[in-house]
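Colleague: Here you go, one structure.
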Amino acid sequence: MRRTLTMAAVVAALLVPAGPLPVAGAVGGTAPVAVGRWSAREAQSFWTAERMASAAPLPPAPPDRVDPAPPELPEPPEPAEPAEPVEPVEPVQPTEPVEPAAEIPVATPPPAATGLPLPSVPPTATPAPTPATAPTPATTAAPTPAATAAPTPTRAPAPPTPAPLPAPARAAVPPLPALTPGIGQNFDGIPVAGRMFLVKGGGAYFCTASVVSSPGRNLVLSAGHCLLGSDTQQVAFVPQYTRAKPRPYGMFPVLRDAGGHSKIWIDPRYRSQGVDRAAALDVAFAQVGPNTRGFPVEAVVGGNRLVTGAGYAQARVTLIGHPASAARPRVCVNRTTKFTSADARIPGSFLRINCTGYPGGTSGGPFLTRYDARTGTGDVVGVIGGWKTGGDKADTSYSSYFGADIRKLYEKAVAGAKAGR
């Protein structure tokens, strides 16, 4: 099946309690969110555990869907400079010529605060010897009136400097289950991946998303078709969502600009040409605000490194997604191969992976290489999406190829997130 629900399943999903949302901004007694505002507290008030549990995977998008929304957020006046030099990626031996691999630099945490340095004191000058001179007759100095002391200005005491927030506790990374290549298993998830909740057309929906390292430590990555549309509202990311523990690390709202539009970056061609014609660009980045404790998402759960130009054939990819009505996410490992479309209506080449049990809801799930079990992060080389929005069968998934276009989109998101601070 397609990576989204069939129409019958959509109707059924929208009939669950709290599924249909007649007014997206004021459901269940929640006050409408002010234009330009959408904080973690507001997101948690809106996305209750019951509403998250009843959210459905996105319904199928029409193949010729064109987004009438403004194609891009305002660009900053100057491009942002990279925070760090680009790190080299381990060489990949592709089966055919591809772009040279390059890795997006990982933002390093700011150094620990230290006391302000004391002003340097210049060394005391040694007085030069004065030449001997003939004695001069003593003179009587005229008495000078006592100087009037200038009033000392009274300064109000400086307000106390607020104590810095304690560093967030390091997210615990559960071990992955024993995996057989190509066989998906439900598991308790990893902190860096989770569900992206949103309201669209009056309904509560979700996709899968993951944190991607960035200088601002505030970007998440998903599929373009998940976040497409001017009616996409109340968007929030929940790391390591499970029904038993719906907010283990809090909720991170996708920020809005002054006009009330969610800060999401999708290639303009994907918006204008539609989900099939521009399937090779089915990728989206979103800027999320801090959780209710004030911490950025990457500081709490870590982030994957975005890698572009790594090739289509990867020997071992870890695939994570949140399937339809499952209470927990799903994980699988397998190799990827190159798939080139023969359908002129859906042009392009894509990464293809065979993993069982990835239906609707898993769209946006990361393709991870070099997964590190200690940190729970890896190199993200794809997301479920692209060919027929991620695949027309639950056991085979696809991703748009991460090449120069995706790198440029990431750089635009980094610059836009920096300009918005």
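The values are calculated or read from the model by the stated rules, or taken from the named source; none is laboratory data. What you are looking at is a predicted structure, and each value in this text was computed from that prediction instead of being measured. Positions of Cβ are backbone-derived with ideal geometry, glycine not excepted, and every protein chain shown enters the neighbour counts.
Colleague: Would segment 234-242 turn up any residue that is surrounded by fewer than 24 Cβ atoms within 10 Å (Cβ to Cβ), modelled with pLDDT of 95 or more and in a loop (DSSP other than H, G, I, E, B)?
Modeller: Yes, segment 234-242 has at least one match.
Colleague: Just the residues that are part of a strand (DSSP E or B), of a type outside the set (G, A, S) and under 15 Å from M196 (Cα atoms), please, taken from segment 253-264.
Modeller: Result: P253, V254, I264.
Colleague: Being modelled with pLDDT of 95 or more, part of a loop (DSSP other than H, G, I, E, B), among the β-branched types (V, I, T) and surrounded by 21 or more Cβ atoms within 10 Å (Cβ to Cβ) narrows it down to one of T362, T336, T369, so name that one.
Modeller: Every option except T362 fails the conditions.
Colleague: Can you name every residue in segment 291-311 that is under 11 Å from the mean Cα position of the chain (by Cα) and part of a loop (DSSP other than H, G, I, E, B)?
Modeller: P296, G302, G303
Colleague: Taking segment 322-352 on its own, how many of its residues are of a type in the set (A, V, I, L, M) and under 12 Å from S400 (Cα atoms)?
Modeller: So in segment 322-352, the residues of a type in the set (A, V, I, L, M) come out as 324, 326-327, 331, 333, 342, 344, 346, 351.
Now narrow it down to the ones that are under 12 Å from S400 (Cα atoms): 346, 351.
Residues flagged as of a type in the set (A, V, I, L, M) and under 12 Å from S400 (Cα atoms) within segment 322-352 amount to 2.
Colleague: Please go through segment 319-345 and give me each residue that is β-branched (V, I, T) and in contact with a Pro (Cβ under 8 Å, 6 or more places away or on another chain), ordered by number.
Modeller: Residues satisfying the conditions are I320, V331, V333.
Colleague: Is there any pair with a first residue in segment 217-229 that is modelled with pLDDT of 95 or more and surrounded by fewer than 24 Cβ atoms within 10 Å (Cβ to Cβ) and a second that is charged (D, E, K, R) and not in a strand (DSSP E or B) whose Cβ atoms are under 7 Å apart and which are 6 or more apart or on different chains, and what are they?
Modeller: Matching pairs, first to second residue: R217/E298.
Colleague: Separate question: Can you give me the number of residues within segment 185-203 that are buried (at least 24 other Cβ atoms within 10 Å of the Cβ) and under 21 Å from I266 (Cβ atoms)?
Modeller: 6
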